[in-house]
Each structure stands twice: as structure tokens, then as C-alpha cells.
Amino acid sequence: DGGITQSPKYLFRKEGQNVTLSCEQNLNHDAMYWYRQDPGQGLRLIYYSQIVNDFQKGDIAEGYSVSREKKESFPLTVTSAQKNPTAFYLCASSIDRGGTGELFFGEGSRLTVL
Amino acid sequence: QKEVEQNSGPLSVPEGAIASLNCTYSDRVSQSFFWYRQYSGKSPELIMSIYSNGDKEDGRFTAQLNKASQYVSLLIRDSQPSDSATYLCAVRAGGMRFGAGTRLTVKP
């Protein structure tokens with residue numbers, strides 16, 4: 001089945017450690033996104049990529065990094081520079097680049113900093 | 001001013017009633033509008049999309065769009081306990097922007 005796979009679903013990190021969240025899609029979508037969600041809040045855009053080897057900062061990119069070496073993959077690294085990384089992270093994709101279509105979401109990764 | 005604002009919740013309705021969810025947006029060049037449903041601890045799932053002014057119906061759900069007023073709404077008829085979730089309004093003008101969500105509880 002086509003879809004978006006995020007891993008791991010749950011991740012615990014000690015302060016000062018970098019962690020990488022995986023996002024893989026087999027929908028052949030051009031665009032991919034990373035959002036962060038905090039309790040009781042909506043989704044905030046971290047990074048997005050409309051094409052391989054290119055990505056743009058979203059509203060809250062500080063403390064995060066991404067890469068887009070393959071169309072199918074858009075991993076997110078939460079660095080030690082991110083002051084409050086505990087959150088629910090959602091990866092999404094869309095068939096169009098900056099167009100009008102819907103976003104499809106993965107199941108999410110919940111990161112907890114101990 | 002927030003780009004996408006939703007009516008503050010939580011919203012509670014009895015089973016069988018109509019639930020009304022509202023959303024306003026600030027970017028006049030927005031082209032597409034979506035309602036996502038999100039159950040606690042889960043990822044959002046699309047329930048409605050609307051692109052032109054007027055109403056769009058899909059089963060028990062009706063989305064309404066008024067671009068002049070920069071207003072989008074979602075009506076849920078014959079509300080069921082399984083409709084209890086947080087509803088996210090999303091607006092796309094290139095990038096997708098989300099509201100903070102309205103939590104709906106349908107009481108049996």
C-alpha cells in the first residue's frame with residue numbers, strides 16, 4: 001500500500017543529544033514537509049522540500065536540519081540546539097510543488113527529552 | 001494576527017445534533033481549504049477539501065467557503081460519538097497553514 005512511514009514512533013533522548021527522525025514515502029510525491037505539534041496546538045511548519053536536493057525553512061527551523069537526497073526520503077534531525085524538542089513530529093507529502101492539493105500525513109513520531 | 005484562526009473550543013454537542021466549526025484566514029491569495037480530523041495521539045486525516053465559494057457536501061459533512069469574508073466552516077450533521085476529535089482548519093497558498101484546532105465532544 002502507498003503511504004508515508006515515519007520511524008520511530010516513540011523516541012526518548014537525553015539533553016544534548018542529536019536525534020534523527022525518518023520519513024519515507026512511496027506515493028511518488030514531489031513535496032515533503034515536517035511539522036511540529038505541541039499539546040493543544042496546531043501544526044507548525046519546520047522545513048519543506050519541493051524537489052530533491054532542495055529544501056526551505058519553515059516558521060520554526062531553528063535547531064532542526066533536514067536533507068532530501070532521494071525523492072522518497074526526508075529525514076529530520078533534531079539537534080541539541082533545539083531548546084524545547086519534546087513534541088509530536090509529523091511528516092507529510094503532497095503531489096504538487098507549492099500548489100493547491102492536500103497533504104498526506106504519516107503516523108507521527110513522539111519525541112521526549114529526559 | 002494569526003494566519004488561520006478557529007473558534008475557540010472545546011465544543012460539546014449531544015448525539016444527533018449539528019456541530020458547527022468555524023475558521024477565518026488572513027491570506028487573501030489562499031487557493032485551497034481543508035478540514036482535517038485528528039484523534040488524540042494520532043495524525044490528521046483529511047475529511048473535506050473545498051476550492052470555490054459555496055457549499056460542498058460529503059455524507060454528513062458540509063464545508064462552506066466565503067472567500068470575500070475569508071471564512072471557512074464545517075458542519076457535521078447527525079453527530080456521532082465517533083466524531084469526537086480535534087478538527088483542524090488548513091489553508092493553502094503555496095504552503096499549508098493550520099489553525100490551532102477545535103476540540104469537539106459528542107455526548108451520547
A:P8: under 22 Å from B:G41 (Cβ atoms), open to solvent by 20 Å² or more (accessible area, probe 1.4 Å) and modelled with pLDDT under 90, yes or no?
-> no
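Would you pick out the residues in the range B:73-101 that are in a strand (DSSP E or B), under 24 Å from A:W34 (Cβ atoms) and not charged (D, E, K, R)?
B:A85, B:T86, B:Y87, B:L88, B:C89, B:A90, B:V91, B:A93, B:G95, B:M96, B:F98
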Within the range A:81-100, the residues that are surrounded by fewer than 18 Cβ atoms within 10 Å (Cβ to Cβ) and either outside any loop (DSSP other than H, G, I, E, B) or within 14 Å of chain B (Cβ to nearest Cβ) (or both) are A:I95, A:D96, A:R97, A:G98, A:G99, A:T100
Screening A:L27, A:L45 for residues that are in contact (Cβ under 8 Å) with a residue 12 or more places away in the chain, part of a strand (DSSP E or B) and surrounded by fewer than 21 Cβ atoms within 10 Å (Cβ to Cβ) leaves only A:L45
Looking at (1) in contact (Cβ under 8 Å) with a residue 60 or more places away in the chain; (2) more than 14 Å from every other protein chain (Cβ to nearest Cβ); (3) open to solvent by 10 Å² or more (accessible area, probe 1.4 Å), which is the one condition that is false for A:V78?
-> (3)
Residues (in a loop (DSSP other than H, G, I, E, B), in contact with a Ser or Thr (Cβ under 7 Å, 6 or more places away or on another chain) and in contact (Cβ under 8 Å) with a residue 40 or more places away in the chain) located in the range B:19-65 = B:Q31
Of the residues in the range B:40-83, how many are among the hydroxyl-bearing types (S, T, Y) and open to solvent by less than 40 Å² (accessible area, probe 1.4 Å)?
-> 5
Examine the range B:89-106 for a residue that is touching a residue at least 24 places away in the same chain (Cβ under 8 Å), touching a helix residue (DSSP H, G or I) at 6+ places or on another chain (Cβ under 6 Å) and either among the small types (G, A, S) or open to solvent by less than 60 Å² (accessible area, probe 1.4 Å) (or both), and state whether such a residue exists.
-> yes
Picking from B:L65, B:L75, the residue that is within 13 Å of the chain's Cα centre (by Cα) and either more than 14 Å from chain A (Cβ to nearest Cβ) or among the aromatic types (F, W, Y) (or both) would be B:L75
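The values are calculated or read from the model by the stated rules, or taken from the named source; none is laboratory data. Predicted model only: the values in this text are computed from it and were never measured. Please note: Cβ atoms are built from the backbone with ideal geometry, for glycine as well, and neighbour counts cover all protein chains shown. Quick note on the areas: whole protein, heavy atoms, side chains included, nothing else; ligands and nucleic acids left out. Shrake-Rupley method; radii C 1.70, N 1.55, O 1.52, S 1.80 Å.
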